Each structure stands twice: as structure tokens, then as C-alpha cells.
Amino acid sequence: MDAVIEARGVSKSYLRGVIVLDDISLSLKRGEMVALIGASGSGKSTLIRSIAGLIPIDSPRGNGANAGQIHVLGQPIQRGGRISCSRALRARIGVIFQQFNLVPRLSLLTNVCFGLLGRVPSARGTLGRFNDDEKRIAMQALARVGIAEHALRRSNDLSGGQQQRAAIARSLVQGAELLIADEPIASLDPASSRRVMDLLADMNRNDGLTVLVSLHQVEYAMKYCPRTIALKDGKIAYDGPSSALTPAFLNRIYGAESEELFLPSFGAALEQGDGLHWADTEAAIDGNGHWSEPPTIVIPHAPTVAMTKSHAKAGRLSA
Ligand SMILES: Nc1ncnc2c1ncn2[C@@H]1O[C@H](COP(=O)(O)OP(=O)(O)OP(=O)(O)O)[C@@H](O)[C@H]1O
Ligand SMILES: [Mg+2]
């Protein structure tokens, strides 16, 4: 069983008649690192939450023949509008959010220990009573993400980037095999964003975690994720190599919305001929947004050359 995420015919409406996800099917193999991009409101968070088994997808209409279903790590996480996620399966899935989701007044160390809840008796764990061995595991994870020196500080006293790294450390101690992250860098400055993305890539490469990460900016998708799934109005507009995401191609998919997907300083860098260099990729993409040839794009520098002071000034800072 190679697929870590297998979603078939997934639809979702929060309100009757307003379709947010429209018959989405996708599959992620073990060891992949895949970006999910799309303009605001395209359905990224809804899809991520559905895959994580946090919200139910639509139940089938009519005779049930079209029941959407999602399997994660070979087990059903939901089917036809019913979440069926066991505690054991949940422990194998790490979920990271834009807002870090730490308990604000507890130390980073205790927050990271909460990743062990699936493995320690819940009476002790929910009270935040962890033994020395458990704390040692959490400390190792904090060291791995580079914030061990802050272990005893309250999480809400730390910067956004540090809190997000603690949330990643929590997934590490949890022993997650799949990491699903919903815009983990959306409220971080460029340096913290890079550190967080470097960590996700490191866990993908060195720990074999499969990673699905939604991102608002295509530059990060191109730098860190070999494959990108692009959502538009609840449908998959493209699923293939990230290297195909030229400005022209994104403009074709998204029209004026595509501007939202680039960092503010990106246009200027392109005009200076700095950063990314694309070959002509258009011919290789068929009308359904599927890739038909190996990519021929050369990216000599990381696109982050464009993410400097001007980006920070543009106001995506919180750390
Ligand atoms: N709980 C909800 N109730 C009703 N509508 C919702 C709910 N959550 C999301 N929606 C709607 O579903 C659509 C998709 O929202 P979603 O949050 O999945 O998009 P997104 O791609 O994550 O956007 P963003 O980039 O702004 O985070 C939007 O039109 C949104 O208003
Ligand atoms: Mg969202």
C-alpha cells in the first residue's frame, strides 16, 4: 500500500448549494512533499481539514453511488460524510496550522510533550504530567528544531516562528508519518518562513515523512515541493511538477487572481532577470492542467532571492 493519501470524489458544501470542494480526487505516495496552492477561498483549508479527518465531507446524493472517500495510510479516514478516524490513525497524522495551536500559557516543553498523548496514559497526559524520559524525547525534538534554549518559556512569549517550530517538534515526538500543514508560514516573516519550510523538507527527506502543505505563495512551492496541486474554486486546476508554475501558466489558470500567489517583490525580481528562469513549459501541459512531459525548467537560484527587505515591509510579519 503505497498511497499515504487517497481521496476519491471528495465534495464539500458548508451551506446548501454552495460548493466549496467539487469532486476532488488526489493521491500522495509515501515520501512525497506536495504543495497545495490556490487563491483565498479556493478551498485549501477545507481540503486539508477533510483529509485530516477534522471536518466531514458531503454525504452522497441519491443512491450513494458517488460517495466521496478519503483513505490515509491505508485506512479510511472518512467516507460518505462520516469521519471514521481511530485514535491510532490520528496519532500517525501531524497537523500544523497557521495559528500554531499551542496552549498559550504552558511551556514549550509541555506543549511538545502533548505530542506523546497517543502513547502515555491519558489521565496523566492531559494533566501535563510527563516523566523524565518523555521530557527528554521532547527536548530532543526542540533541539532538532533549534529552540531547545526556550523549552521552559511560555509559548505565548515566543515569536510566531518559534511557536511554529514547537508545533513541528510536537509532530516529531508524536511520531507522525504524514504531516498536513495548512499555511504554516502565512503569518511569518521571510526568515522564519524559510526556517519552517527547511524543517518540513528535512523531515520529509531524512525521516521519510510524507508532507502536504498549503501555501499562499508559489515561490515556496517551487523551492520546496517537487509537486504542486493547484486549486481553483474547489476544483483541481493543475497537478504536476511545481517547476511548471510560470507566471504565464498561473495567469492562464487563475487570471487576475494569480497576482495573489506571488510575493510582492517577485515581479520586480523577474524584471531584473533575477531569480527564476523558466523554459517554455506551456506546450507540455494539456488542457486539463496535467503534465505530459518531463520538466525542462532551470532554477539556478532559490526563488528566495526576491524575498528580502521589500517583502518584510510589505507586511507579512508577525514574529
Ligand atoms: N465553516 C464554514 N462555513 C461556511 N463557509 C465556509 C466555512 N469555512 C469555509 N467556508 C467557505 O468555503 C470556501 C473555501 O474556504 P477555505 O477556507 O477552504 O479556503 P482557503 O483556500 O483555505 O482560503 P484562504 O487562502 O483564505 O485560507 C470559502 O468561500 C469560505 O468562505
Ligand atoms: Mg485557508
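The values are calculated or read from the model by the stated rules, or taken from the named source; none is laboratory data. Owing to the predicted nature of the structure, the values given are computational and were not obtained by experimental measurement. Every residue, glycine as well, gets a Cβ built from its backbone with ideal geometry; the counts of neighbours run over all protein chains shown.
Report yes if LYS29 is within 19 Å of the chain's Cα centre (by Cα) and exposed (fewer than 15 other Cβ atoms within 10 Å of the Cβ), otherwise no. Walk me through how you get there before you give the answer.
Details: within 19 Å of the chain's Cα centre (by Cα): yes; exposed (fewer than 15 other Cβ atoms within 10 Å of the Cβ): yes.
Spelling it out, LYS29 is indeed within 19 Å of the chain's Cα centre (by Cα) and exposed (fewer than 15 other Cβ atoms within 10 Å of the Cβ).
For region 259-270, name all the residues that are part of a helix (DSSP H, G or I), modelled with pLDDT of 75 or more and surrounded by 19 or more Cβ atoms within 10 Å (Cβ to Cβ).
Narrowing region 259-270 to residues part of a helix (DSSP H, G or I): 259-261, 266-270.
Pick out the ones that are also modelled with pLDDT of 75 or more and you get 259-261.
Residue satisfying the conditions is LEU261 alone.
Name, by its number, the condition in (1) in contact with a helix residue (DSSP H, G or I) (Cβ under 8 Å, 6 or more places away or on another chain); (2) within 16 Å of ligand 2 (Cβ to nearest atom); (3) within 27 Å of LEU117 (Cβ to Cβ) that does not hold for ALA186.
If we test ALA186 against (1) in contact with a helix residue (DSSP H, G or I) (Cβ under 8 Å, 6 or more places away or on another chain); (2) within 16 Å of ligand 2 (Cβ to nearest atom); (3) within 27 Å of LEU117 (Cβ to Cβ), just (1) comes out false.
Yes/no per residue for (1) buried (at least 17 other Cβ atoms within 10 Å of the Cβ); (2) free of Cβ contacts under 8 Å to residues at least 60 places away in the same chain:
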site	(1), (2)
ALA88	no, yes
ILE93	yes, no
PHE100	yes, no
ARG105	no, yes
LEU117	yes, yes
ARG129	no, yes
ARG136	no, yes
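Counting just the residues of region 211-256 that are among the polar types (S, T, N, Q) and not in a strand (DSSP E or B), which one comes out farthest from the chain's Cα centre (by Cα)?
Just the residues of region 211-256 that are among the polar types (S, T, N, Q), to begin with: 214, 217, 228, 242-243, 246, 251.
This time we only want the ones that are not in a strand (DSSP E or B), so: 217, 242-243, 246, 251.
On the way: GLN217: 12, SER242: 15, SER243: 18, THR246: 21, ASN251: 23 Å.
In this case the residue turns out to be ASN251.
Search region 25-54 for residues that are within 7 Å of ligand 1 (Cβ to nearest atom) and pair each with any residue that is polar (S, T, N, Q) and in a strand (DSSP E or B) when their beta-carbon atoms are under 6 Å apart and the residues are at least 6 apart or on different chains.
LYS44/SER214
Inside region 156-183, can you point out the residues that are in a helix (DSSP H, G or I) and within 16 Å of ligand 2 (Cβ to nearest atom)?
Filtering region 156-183 down to residues in a helix (DSSP H, G or I) leaves 156-157, 160-174.
Across region 156-183, the qualifying residue is only GLN164.
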